[in-house]
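Beneath this line is the structure, given in structure tokens, with notes to follow.
The values are calculated or read from the model by the stated rules, or taken from the named source; none is laboratory data. The shown structure was predicted, so the numbers you read here are calculated from the model rather than taken from an experiment. All Cβ positions, even for glycine, are placed from backbone atoms using ideal geometry, and neighbour counts span all protein chains on display. In case anyone asks, the SASA skips ligands and DNA or RNA and just uses the protein heavy atoms, side chains included. Shrake-Rupley method; radii C 1.70, N 1.55, O 1.52, S 1.80 Å.
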Amino acid sequence: MQNAIEAEGLAKRYGETRALDGVDLVVPQGRLLGVLGPNGAGKTTAVRILATLLRPDGGRATVGGFDVVRQAHQVRSLIGLTGQYAAVDETLTGAENLVMIGRLLDLSRADAKRRAAELLERFDLTDAAGRAAKTYSGGMRRRLDLAASLVGRPRILFLDEPTTGLDPRSRTELWDVVRGLMADGVTVLLTTQYLEEADQLADDIVVFDHGRVIAKGTSDELKATTGAQVLQVRPRRAEHLDLVAQVIADVAGTAPDTAGGQATANLTDPALVPLIVRRLDDLGVIATELSLRKSTLDEVFLALTGHRAEEEPGDAAAQEGRAA
């Protein structure tokens, strides 16, 4: 089966800044690839190249089997794109926005209206179809923006941080919409800073940092790269927290984090947990919470990069923002 998206050695520079520095990507048909990374990591630049909005300075890429530089027109006929900010015309109604796009895609007026009605119903916007888009909530605008990218029935969809600025409820609603698209066989490339979003939606994940892919795999595979599980112990008495931390450090050989009134440490050997529990019991320390779990993607990202996903690396972020 042909891959929907392939990129090899993609490079893009802005002055001295390397927004992309030899990026390789592969997205099989019908799967969702989550591209994870902080602002300025190169995510948006990669999407803009794959969507034919930017020319790479090096490397090559195909989308739907077509070269993004030499066959840009064919690529555009296959894709939909939703950027970080809703691109709908706020003075038009929801229905007028979708009909306008349908007409720009050479649909007849009747077909454009029919397609608009289908999408308004699918995105739960029928009741607001006659209202100006400027009266929509943030979540409604994002759903309308996503609907607009689907008017042409794209086989491949680029979602560039589609839930930026949304409240948790609207974000969850948009996740449900994306799952529906995946069920219809649409290939999706999703960029995000939200680790939970990648965990919830992505079949496969690549991690970007400073213009490079630094890790790739499924969510579980990436979590396994830390080689550790996370132990969390919360003592009943707050004054025992330092004692808990000392026991964990003595047994596990690593000093735990004590933020939030609990001791948290990575353990490479789960067999150490009973030893820690017995040591605490001998000292008369009672734990109200004790758990051993897999690393989260946030912890994996921190282990891989040395900083959290929401942190901005400065100059690279500024350059990518200008590119957008």
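GLY22 meets each of the listed conditions (1) in contact with a helix residue (DSSP H, G or I) (Cβ under 9 Å, 6 or more places away or on another chain); (2) part of a strand (DSSP E or B); (3) of a type outside the set (A, V, I, L, M) apart from (1).
Each residue in the range 36-58 was checked for being more than 13 Å from ILE5 (Cβ to Cβ) and not in a loop (DSSP other than H, G, I, E, B), and 6 of them qualify. Selection within the range 226-245: residues that are under 26 Å from LEU297 (Cα atoms) and open to solvent by 30 Å² or more (accessible area, probe 1.4 Å). The member of this set that is modelled with the lowest pLDDT is GLY227.
Note on the range 279-298: residues that are in contact (Cβ under 8 Å) with a residue 24 or more places away in the chain and either out of contact with any strand residue (DSSP E or B) (no Cβ under 8 Å at 6 or more places or on another chain) or open to solvent by 50 Å² or more (accessible area, probe 1.4 Å) (or both) total 11. Scan the range 193-235 for residues that are of a type in the set (Asp, Glu), in a helix (DSSP H, G or I) and either closer than 26 Å to PRO168 by Cα or in contact with a helix residue (DSSP H, G or I) (Cβ under 8 Å, 6 or more places away or on another chain) (or both) and the total you get is 4. Of all residues in the range 111-125, those that are in a loop (DSSP other than H, G, I, E, B) and open to solvent by less than 20 Å² (accessible area, probe 1.4 Å) total 2.
Within the range 176-194, the set of residues being in contact with a strand residue (DSSP E or B) (Cβ under 7 Å, 6 or more places away or on another chain) and under 24 Å from GLY22 (Cα atoms) comprises THR187, VAL188, LEU189, LEU190, THR191, THR192.
Just the residues that are open to solvent by less than 40 Å² (accessible area, probe 1.4 Å) and modelled with pLDDT under 95, please, taken from the range 4-18. Working first, answer last.
Keep residues of the range 4-18 that are open to solvent by less than 40 Å² (accessible area, probe 1.4 Å), which gives 4-5, 7, 9-12, 17.
Passing the criteria: only THR17.
Restricting to the range 246-261, and then to whatever is in contact with a strand residue (DSSP E or B) (Cβ under 9 Å, 6 or more places away or on another chain) and not β-branched (Val, Ile, Thr), can you tell me which residue is surrounded by the fewest Cβ atoms within 10 Å (Cβ to Cβ)? So that I can check it myself, show each step before the final result.
Within the range 246-261, the first condition is being in contact with a strand residue (DSSP E or B) (Cβ under 9 Å, 6 or more places away or on another chain), and the residues that meet it are 247-249, 252, 254-258, 260-261.
Those left that are additionally not β-branched (Val, Ile, Thr): 249, 252, 255-257, 260-261.
Details: ALA249: 14, ALA252: 20, ALA255: 12, PRO256: 23, ASP257: 12, GLY260: 9, GLY261: 11.
Looking at the filtered set, the residue picked out is GLY260.
Picking from residues in the range 126-157 that are in a loop (DSSP other than H, G, I, E, B), under 25 Å from the mean Cα position of the chain (by Cα) and not small (Gly, Ala, Ser), the one that is nearest to THR172 (Cα to Cα) is TYR136. Among the residues of this structure, ASP21 counts as one that is of a type in the set (D, E, K, R), touching a His at 6+ places or on another chain (Cβ under 9 Å) and modelled with pLDDT of 95 or more. In the range 197-212, the residues that are basic (Lys, Arg) form Cβ pairs under 7 Å with partners that are modelled with pLDDT of 95 or more, at six or more places apart or across chains, as follows: ARG212/ASP21; ARG212/GLY22; ARG212/VAL23.
If you go through the range 69-110 and keep only what is part of a loop (DSSP other than H, G, I, E, B), out of contact with any Gly (no Cβ under 7 Å at 6 or more places or on another chain), hydrophobic (A, V, I, L, M, F, W, C) and open to solvent by less than 80 Å² (accessible area, probe 1.4 Å), you end up with VAL69, ALA86, VAL88, LEU92, LEU107.
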